[in-house]
Structures are given as structure tokens and as C-alpha cells.
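Enquirer: What follows is a single structure, and I will ask about it in a moment.
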Amino acid sequence: MAKIGVQAMMLRDSFAEVGAFETLRKVSAIGYNAVEISQIPMTPENVAELEKSQTELGMDIASLSVMMEKPVGRPGESLKDDFDKIVDDAKRLDTKLLRIGMLPFPAMKSIDAVVDFAKETNGYAERLQEHGISLYYHNHHIEFAKFDGKYMLDIINENSPAMGLEIDVHWVQRGGLDPVRTLDKYAGRTAMVHLKDYRIGILPESAFGLLETGDIAGFMAEFKNVVQFAEVGEGNLDFPSIIEHSQAAGAQYLLVEQDELYGRSVWDALQTSHDNLVGMGFRDLF
């Protein structure tokens, strides 16, 4: 069975404030026992605390995030510059899965740039396989733009046979596709799935104020901007079907994530997602 965990991007502030171990102690107390590390500096201190969370909390370090190359002005480790350290960290934490969160922005500009990115990452995926580690690519909505009638994600997939996929169901929906059919399409190549709901929010009172003043353009901008991220079960996605098809597709981890919280605390959001998933009958996956 797949295991439900947390995507640590949500927890980066807590990691910075109280450290990895105390953060994951709170995650464990809610009921999550797996975590995907993302946007967390892999300092010696953090790596040591992640290891401590494994031994003392039973936390499963599901996967680590990497970049192909470091963008200007952003911290993080890249396969190009930090390959050996990335492998060492993964082995120390008994993590067999790595994931690339997004292709470099310049790689989005043309089909040739996408193909070049995919082929280069495939080379790294092949090198990682020599160490018993697999590499996966995480989608947003931009990968459902088409070049010559073909989705960018399919171009990446076809040109990187050694790299699998991490499917984010919210971004699939935002890209105009059905998450369940997309999971079926990439069955056998999907090791991780991001559980993130898709909510249509209520127009704010300020939007109607714009309408009353005759600012139709301002109102319509608000009208078009009502799509929100949501706690699992608080939006419009069919998670019982998504989880069923994720497992059928071969997913090992189902990772709860929410990019924006709209004033809620991360702990309240994670608790809500946990409770809703338990209510759907998935207690055994935690």
C-alpha cells in the first residue's frame, strides 16, 4: 500500500524556527509518518535531525528534492554541482527517491529547450540508478502547455525514460485535465502523488465594492482569480478515486501539500487534511 505523508514545503518556517526534529515531532503527533523534504536546507544539522526523526519518531524520509542546476539567487542543491552530496544524504537517510520540483524557467520557452532539459535529467537519472536511487519529475500546470500539439509533460516523459513522475493532482486540474485519467495515463511511471485539493473560493467583499464603483475590469480580475489551494477534502477533487487510482498506478507515497493557507496555520491545515482522509476510510495509509 502507498503511505500518506507530508510535503515539507509547508513546514519550511517551522524548520527554520525550531528545527527539523521538533517540526517532525509535531507532524508525527497529528498522525503523519512520512515526509518529502523540499525547500529545506540540507545542512549537516538538518540532515542529523532528519536521521534522528527516523530513529526516534519512526519518520519515513520519503524523498528529497533536487534541482538540475541552481537558479540565480536561489539556495538549494543541484545534480550538476552537488551530485555526490545528494547521493550521500539519500543513502544516509535511506531515501531511494529524489524529485525535481520544476524545470528551469528558460527550459519552458521552446520544444527544443524542453527536450534538452529532459535529456540532461535523464543522464542524471541513469547515474542515480547506479546508486540504487530513482529520480522523478513533479508537474505544475505549465507542463500541460502544448508544443506542436503535444503536452510539455509528455515531451519530458518521452525524452527521459530513466526518470519517473510525481503527479500533483491540483496542478493537473488547474492545467485543465482530469487527475484520475492522468494517473491512469502515467501508471507504472508514478511513484509519488501530491494530494492537494482544488477549491473555488467565494468572491471577497472588496470585489463587490469594485463593482459598485463601476470598476468592472477590477471586478472581473477578482472573478477570474477565485481558484484556491485547499486542505484535502475541502475542495472539489474526488480523493477516494484519486487515491484508488494512485495506488493502482504504483504510487509509493501520497503527500499532502497546500501552497497557500489563506490565514490558517499549517498545523490546522494538516490536521484537517488528516481528519478528512481518515473520514474517507484511509486511516491504514498513515
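Enquirer: Can you work out which of the residues in the stretch 121-166 that are acidic (Asp, Glu) and outside any strand (DSSP E or B) is surrounded by the fewest Cβ atoms within 10 Å (Cβ to Cβ)? Before you say what the answer is, go through the steps one by one.
Expert: The initial filter retains those residues of the stretch 121-166 that are acidic (Asp, Glu), namely 126, 130, 143, 148, 154, 158, 166.
Keeping just the survivors that are outside any strand (DSSP E or B) gives 126, 130, 143, 148, 154, 158.
Numbers: GLU126: 14, GLU130: 8, GLU143: 24, ASP148: 6, ASP154: 15, GLU158: 11.
The residue in question is ASP148.
Enquirer: Considering only residues that are farther than 19 Å from ASP275 by Cβ, touching a residue at least 24 places away in the same chain (Cβ under 8 Å) and either over 15 Å from the mean Cα position of the chain (by Cα) or part of a loop (DSSP other than H, G, I, E, B) (or both), which ones fall in the stretch 216-253?
Expert: Taking the stretch 216-253 as the starting set, the residues that turn out to be farther than 19 Å from ASP275 by Cβ are 216-228, 241, 244-253.
Retained after the next criterion (residues that are touching a residue at least 24 places away in the same chain (Cβ under 8 Å)): 226-228, 241, 245-253.
The answer is VAL226, VAL227, GLN228, SER241, HIS245, GLN247, ALA248, ALA249, GLY250, ALA251, GLN252.
Enquirer: Residues in the stretch 42-69 that are buried (at least 16 other Cβ atoms within 10 Å of the Cβ) and assigned to a loop (DSSP other than H, G, I, E, B): how many?
Expert: 3
Enquirer: Additional query: Could you tell me which residue of the stretch 168-188 is farthest from ALA248 (Cα to Cα), considering only residues that are touching a residue at least 60 places away in the same chain (Cβ under 8 Å) and not in a helix (DSSP H, G or I)?
Expert: If we take residues in the stretch 168-188 being touching a residue at least 60 places away in the same chain (Cβ under 8 Å) and not in a helix (DSSP H, G or I), then ASP168 is farthest from ALA248 (Cα to Cα).
Enquirer: Can you pull out the residues in the stretch 270-281 that are in contact with an Asp or Glu (Cβ under 6 Å, 6 or more places away or on another chain) and either surrounded by 22 or more Cβ atoms within 10 Å (Cβ to Cβ) or assigned to a loop (DSSP other than H, G, I, E, B) (or both)?
Expert: Our first condition is that a residue be in contact with an Asp or Glu (Cβ under 6 Å, 6 or more places away or on another chain); within the stretch 270-281, this holds for 272-273.
Listed by number, the list holds a single entry, SER273.
Enquirer: Filter the stretch 79-105 for residues that are in a loop (DSSP other than H, G, I, E, B) and either modelled with pLDDT under 95 or hydrophobic (A, V, I, L, M, F, W, C) (or both) and give the result. Explain how you work it out, then say what you get.
Expert: First pass over the stretch 79-105, keeping only residues in a loop (DSSP other than H, G, I, E, B): 93-96, 101-104.
Of everything in the stretch 79-105, those that are in a loop (DSSP other than H, G, I, E, B) and either modelled with pLDDT under 95 or hydrophobic (A, V, I, L, M, F, W, C) (or both) turn out to be LEU93, MET102, LEU103, PRO104.
The values are calculated or read from the model by the stated rules, or taken from the named source; none is laboratory data. Remember, it's a predicted structure, so these values are computed and weren't measured experimentally. All Cβ positions, even for glycine, are placed from backbone atoms using ideal geometry, and neighbour counts span all protein chains on display.
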